[in-house]
Every structure is written in structure tokens, then in C-alpha cells.
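The values are calculated or read from the model by the stated rules, or taken from the named source; none is laboratory data. The structure presented is a predicted model; accordingly, all values stated were derived computationally and were not measured. All Cβ positions, glycine included, derive from the backbone under ideal geometry; neighbour counts span all protein chains shown.
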Amino acid sequence: MPPDLSFDEFIKRVGNGDEEAAARLVRDFEPVVRRVLRARLRNGRAQSEFDSMDICQSVLATFFVRASAGEYDLKEPDDLIKLLLTMTRNKLAEKMRRQHRLRRDSRRTVGGVEELPLAGQDPTPSSVVAGKELLEQVRQRLREEEQQLLELRGQGLSWEEVAASLGGTAGARRNQLARALDRVAVELRID
């Protein structure tokens with residue numbers, strides 16, 4: 001990928017499923033997310049219950065799905081960092097609430113995070129394929145009108161242009177796609 005690529009073009013490529021752009025995003029921004037997660041998981045109990053890599057992968061999977069739907073309007077790298085960190089905090093808080101709600105006792109689980117092998121820094125071919133398969137599963141589970149929304153946003157149309165094309169308001173169409181992606185995320189068990 002050209003190093004002089006603008007951030008706007010980079011995000012468009014990520015949203016369109018460009019493997020090189022996705023790999024670059026993971027390589028450049030995953031360490032930031034993991035650093036924040038490790039800082040938040042400092043206490044021993046939280047660290048033994050949650051793995052920063054699992055949460056990070058969940059955040060990135062959610063980001064890629066929603067980026068392909070054109071949900072984000074990111075103008076500069078700081079916007080992306082803020083978004084990823086907000087998603088990370090929310091994802092961790094959600095997992096902690098779920099753990100507390102289920103009243104899980106981490107001392108009773110077999111094995112621990114420290115027994116897991118370390119993952120490499122670069123995306124593996126299987127993870128790239130899995131990402132493509134995930135996006136395809138998301139698209140297949142969307143209804144026809146939701147697929148049209150996804151397609152129009154993937155073409156780079158603004159929400160106002162999408163609403164003009166399909167009818168309704170920009171906010172209503174944005175919410176319709178957000179609800180559809182939430183529904184599909186639950187169906188596919190994307191945390």
C-alpha cells in the first residue's frame with residue numbers, strides 16, 4: 001500500500017475490505033488498544049479473567065463490520081484512536097458486567113490465560129480469510145433493504161444521499177443500519 005495514501009482513502013479501503021489496509025490498521029492501531037486494555041486489567045483478578053487479545057480481536061471485528069457498513073465518519077488518525085479506545089472501554093465494561101451478572105468465580109475455572117500461547121503480531125492468512133467470511137455472513141443475514149443501505153454506504157455516499165436515494169431521513173437510515181448490524185452481531189455472537 002502506498003505510504004502517501006491519505007487517511008480518508010485509507011479508511012475507505014478498510015471499509016471496502018482491502019486486505020492490505022486492514023492489515024495495516026491492525027499493525028498500527030492494535031498495540032494502542034492492547035496497551036489500554038492491559039492498563040485497565042492491571043489488577044490480578046481482572047487480568048486472570050480476561051485476555052487483552054480476545055477483547056482486542058472483538059473490538060477490531062466489530063470495527064471492521066461497522067466500517068464496511070460506512071457507519072464511521074473518521075477524518076484523522078486521532079478520530080480512529082478515540083473510537084477504538086471508546087469501543088475497547090465499552091467492550092471491557094460489558095464483559096465485566098456479564099461476568100458479574102453470571103457470578104462467575106475465576107478460581108474455579110480450569111487453566112488460565114497465562115497457559116495460552118502468544119499470538120503473532122501480523123495477521124495470519126487464516127485470520128484474513130475469517131474476516132472476509134465474517135463480513136460475508138453479515139451481508140447474508142441482512143434484509144434486502146439493509147443490504148441496499150450497506151451497498152450505498154460502501155460506494156461512499158453520505159447518509160443524506162442514501163436517504164435521498166431510498167427515501168426517509170438520514171438519521172432514520174443510519175439508525176436502521178445500526179439496528180440491523182446490532183441484530184446480526186447478536187445472531188453471529190460477535191461480542
One residue is enough: does the stretch 129-142 have a residue meeting the conditions outside any helix (DSSP H, G or I), out of contact with any Asp or Glu (no Cβ under 8 Å at 6 or more places or on another chain) and at pLDDT 70 or above?
yes
Does SER68 qualify as being of a type in the set (Ser, Thr, Tyr), modelled with pLDDT under 85, closer than 20 Å to LEU177 by Cβ and buried (at least 17 other Cβ atoms within 10 Å of the Cβ)?
yes
Could you figure out which of (1) surrounded by fewer than 13 Cβ atoms within 10 Å (Cβ to Cβ); (2) assigned to a helix (DSSP H, G or I); (3) modelled with pLDDT under 75 isn't true of ARG103?
(2)
Scan of the stretch 169-183 for residues that are surrounded by 14 or more Cβ atoms within 10 Å (Cβ to Cβ) and without any contact (Cβ under 8 Å) to a residue 60 or more places away in the chain, ordered by number:
ALA170, ARG173, GLN176, ALA180, ARG183
Could you list, ordered by first residue, the pairs with Cβ atoms under 7 Å in which the first is in the stretch 1-22 and assigned to a loop (DSSP other than H, G, I, E, B) and the second is modelled with pLDDT of 85 or more, at least 6 apart or interchain?
MET1/GLU20; MET1/ALA21; MET1/ARG24
Return the pairs, sorted by first residue and then second, in which the second residue is surrounded by 12 or more Cβ atoms within 10 Å (Cβ to Cβ) and part of a helix (DSSP H, G or I), the first residue lies in the stretch 72-95 and is touching a residue at least 60 places away in the same chain (Cβ under 8 Å) and aliphatic (A, V, I, L, M), the beta carbons are less than 6 Å apart, and the residues are 6+ apart or on different chains.
LEU74/ILE11; LEU74/LEU80
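If the requirement is being more than 30 Å from GLU160 (Cα to Cα), at pLDDT 85 or above and surrounded by 13 or more Cβ atoms within 10 Å (Cβ to Cβ), which of these qualifies: VAL36, VAL26? Let's see the steps before the verdict.
Numbers: VAL36 fails: at pLDDT 85 or above.
On inspection, the qualifying residue turns out to be VAL26.
Farther than 19 Å from ALA22 by Cβ, at pLDDT 80 or above and surrounded by 11 or more Cβ atoms within 10 Å (Cβ to Cβ): does that describe LEU84? First the steps, then the outcome.
Working: farther than 19 Å from ALA22 by Cβ: no; at pLDDT 80 or above: yes; surrounded by 11 or more Cβ atoms within 10 Å (Cβ to Cβ): yes.
No, not satisfied.
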